[in-house]
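Novice: Let me begin by handing over the structure; questions about it come next.
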Amino acid sequence: MTAHADTKGRPGTGLGRRLAPEWAPAFGAVPRSAFLPDLMWPHDITTHRITTVDRAGDPDGWQHAADSDMPIVTQWDDGAHRAYRPGMTATVSSSKPSLVLSMLTDLDAHPGHRVLEVGTGTGWNAGLLAHRLGPASVVTVEIDGSAARAARTALAQLGLDVRVIHGDGATGHPARAPYDRVIATCGVREIPFTWVEQTRPGGIVLVPWGTHFSSTEATARLTVADDGAGARGPFTNLVTFMRLRAQRSAPPDYDSYVTPESRAAAETSFTTLTREELLGGDYDVNAFAIGLRVPDCAHLIDRTTGDGRRTLWFYGLTDHSWAAVVHRDDKSRFTVYQWGQRRLWDEVESAYQWWIDQGRPQIERFGLSMDATGQRAWLDSPERPVRP
């Protein structure tokens with residue numbers, strides 16, 4: 001975790017005493033509340049509860065949520081959802097202030113730097129950057145037209161004439177390149193190499209990156225090589241972001257994988273690994289580390305049934321291999337089923353054991369390298385790839 005100075009936060013920042021001194025003026029002058037709509041949905045990540053807050057009906061509750069250290073959903077279902085209650089899929093949000101500060105600290109942008117932001121969202125992050133660096137130094141790209149318009153308006157009302165581009169951030173914004181810093185506020189599974197190409201040698205690309213295995217991501221802080229042919233650097237924090245729209249994917253369809261024929265032919269074995277041991281809790285590194293070793297695989301967890309049974313599923317994304325572990329509250333030995341060209345449970349179990357054998361490394365020991373040919377995760381140094 002990135003360390004922050006123990007400086008008292010400004011009112012309304014949601015940061016308590018964690019506000020870094022170099023960012024204090026920006027957080028004081030550019031409040032998150034100026035970028036939030038009247039109807040919004042705070043997300044309590046400790047309880048996983050999403051509530052609806054309407055400024056007109058509950059101004060005090062609205063202000064309390066705006067000042068909190070909680071993420072807030074501001075759009076559902078790409079804007080198609082218009083109802084009071086939450087929609088199906090959150091598609092625009094305002095990240096919790098402590099995460100915003102953490103990423104800005106990792107970005108290490110200074111006056112004189114030119115910054116490209118991919119994923120404008122509400123515009124608050126761009127506003128903070130613009131206050132510190134100057135509006136002319138910040139370009140932000142947003143694929144959602146309504147979000148781009150709302151952010152542009154909010155920035156202008158604070159006198160921050162940031163260039164807000166309505167377009168696909170996957171292509172960056174070459175017209176203003178090269179940039180000293182590139183920051184993405186959306187998650188990716190494949191980092192577009194255009195972001196590296198549009199960053200000067202020695203510049204930094206900061207991006208939430210993850211595997212297909214789970215929604216757990218980590219911020220990769222990549223420094224562009226002197227020849228501009230690649231970038232590499234460590235992971236800093238475990239995070240979860242909405243996916244870059246060009247890289248969205250639907251969850252695996254159970255019926256197309258688990259057919260009557262595959263169920264009948266599935267191999268059976270047993271394990272004593274609990275779901276908690278294997279995957280950890282929210283923002284534990286377990287699932288992230290396993291995903292680095294098990295490519296092209298996604299996992300899903302069924303809801304607990306009335307008899308205390310909960311099934312953990314694994315789906316191959318390049319074929320129809322699948323595996324399932326049936327955990328039961330009243331058992332300590334659990335049945336495993338797997339079918340297909342891949343033995344996905346064997347791969348997952350082996351990846352977990354590898355993580356144990358390496359001393360249960362936490363996120364700061366992992367890193368990422370990339371060039372035009374692809375990306376490679378490593379442990380401790382680029383010379384130790386996670387998948388040899």
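A quick yes/no check of all residues on (1) touching a residue at least 60 places away in the same chain (Cβ under 8 Å); (2) of a type in the set (Asp, Glu):
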{"position": "Leu107", "(1), (2)": "yes, no"}
{"position": "Arg114", "(1), (2)": "yes, no"}
{"position": "His131", "(1), (2)": "yes, no"}
{"position": "Thr140", "(1), (2)": "no, no"}
{"position": "Asp161", "(1), (2)": "no, yes"}
{"position": "Ala170", "(1), (2)": "yes, no"}
{"position": "Ile183", "(1), (2)": "yes, no"}
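Novice: Oh, and also: Can you find, within the range 345-383, the residue that is nearest to Leu238 (Cα to Cα) among those that are among the basic types (Lys, Arg) and surrounded by 14 or more Cβ atoms within 10 Å (Cβ to Cβ)?
Specialist: Arg365
Novice: State all residues of the range 286-297 that are out of contact with any Gly (no Cβ under 8 Å at 6 or more places or on another chain) and open to solvent by 10 Å² or more (accessible area, probe 1.4 Å); if no residue qualifies, say none.
Specialist: Arg293, Pro295
Novice: Looking at the range 1-47, which of its residues are at pLDDT 85 or above, more than 22 Å from the chain's Cα centre (by Cα) and in a loop (DSSP other than H, G, I, E, B)?
Specialist: Hits for the range 1-47 are Val30, Pro31, Pro37, Asp38.
Novice: Now for a separate question. If you go through the range 301-308 one residue at a time, do you hit one that is closer than 21 Å to Arg189 by Cβ and surrounded by 19 or more Cβ atoms within 10 Å (Cβ to Cβ)?
Specialist: No: zero hits.
Here is a yes/no grid of residues against (1) in a loop (DSSP other than H, G, I, E, B); (2) farther than 14 Å from Pro37 by Cα; (3) among the hydrophobic types (A, V, I, L, M, F, W, C):
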residue	(1), (2), (3)
Asp69	yes, yes, no
Gln75	no, no, no
Asp78	no, yes, no
Arg85	yes, yes, no
Met88	yes, yes, yes
Thr91	no, yes, no
Val100	no, yes, yes
Asp106	no, yes, no
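Novice: Next question, about the same structure. I'd like to verify a number: residues in the range 163-203 that are part of a helix (DSSP H, G or I) and surrounded by fewer than 23 Cβ atoms within 10 Å (Cβ to Cβ), how many?
Specialist: Of the range 163-203, the ones part of a helix (DSSP H, G or I) are 169-171, 174-176, 193-197.
Subset that is surrounded by fewer than 23 Cβ atoms within 10 Å (Cβ to Cβ): 170-171, 174-176, 193-194, 196-197.
Qualifying residue count for the region: 9.
Novice: Shifting gears a bit: Of all the residues that make up the range 224-245, how many are open to solvent by less than 70 Å² (accessible area, probe 1.4 Å) and more than 23 Å from Ala289 (Cβ to Cβ)?
Specialist: Of the residues in the range 224-245, 6 are open to solvent by less than 70 Å² (accessible area, probe 1.4 Å) and more than 23 Å from Ala289 (Cβ to Cβ).
Novice: Answer with yes or no whether Arg82 is of a type outside the set (A, V, I, L, M) and without any contact (Cβ under 8 Å) to a residue 12 or more places away in the chain.
Specialist: So Arg82 fits the description; yes.
Novice: Pick from the range 320-335 the residues that are part of a loop (DSSP other than H, G, I, E, B) and open to solvent by 10 Å² or more (accessible area, probe 1.4 Å): which of them is nearest to Thr259 (Cα to Cα)? Working first, answer last.
Specialist: Initially, the range 320-335 is screened for residues part of a loop (DSSP other than H, G, I, E, B), giving 320-321, 329-333.
Add one more test, that the residue is open to solvent by 10 Å² or more (accessible area, probe 1.4 Å), and what stays is 320, 329-333.
Values: His320: 10, Asp329: 27, Asp330: 28, Lys331: 27, Ser332: 28, Arg333: 26 Å.
Ranking the qualifying residues of the range 320-335, first place goes to His320.
Novice: Tyr283 passes all but one of (1) crowded, with 18+ Cβ neighbours inside 10 Å; (2) hydroxyl-bearing (Ser, Thr, Tyr); (3) within 18 Å of the chain's Cα centre (by Cα); which number fails?
Specialist: Every condition holds for Tyr283 apart from (1).
Novice: State the number of residues belonging to the range 80-117 that are among the hydroxyl-bearing types (Ser, Thr, Tyr), closer than 13 Å to Trp41 by Cα and open to solvent by less than 60 Å² (accessible area, probe 1.4 Å).
Specialist: Adding up the residues that qualify gives 4.
Novice: Something else about it: Filter the range 291-323 down to the residues that are touching a residue at least 40 places away in the same chain (Cβ under 8 Å) and of a type in the set (A, V, I, L, M), then identify the one that is nearest to Ala265 (Cα to Cα).
Specialist: Leu317
Novice: Given (1) assigned to a loop (DSSP other than H, G, I, E, B); (2) of a type in the set (Ser, Thr, Tyr); (3) touching a residue at least 12 places away in the same chain (Cβ under 8 Å), where does Ser369 come up short, assuming only one miss?
Specialist: Among (1) assigned to a loop (DSSP other than H, G, I, E, B); (2) of a type in the set (Ser, Thr, Tyr); (3) touching a residue at least 12 places away in the same chain (Cβ under 8 Å), the lone unmet condition for Ser369 is (1).
The values are calculated or read from the model by the stated rules, or taken from the named source; none is laboratory data. Just so you know, these numbers come straight off a predicted model, no measurement behind them. Glycine gets a Cβ as well: all are built from the backbone with ideal geometry, and neighbour counts include every protein chain shown. When the accessible area is computed, the model is the full protein with side chains, heavy atoms only, and any ligands, DNA or RNA have been set aside. Shrake-Rupley method; radii C 1.70, N 1.55, O 1.52, S 1.80 Å.
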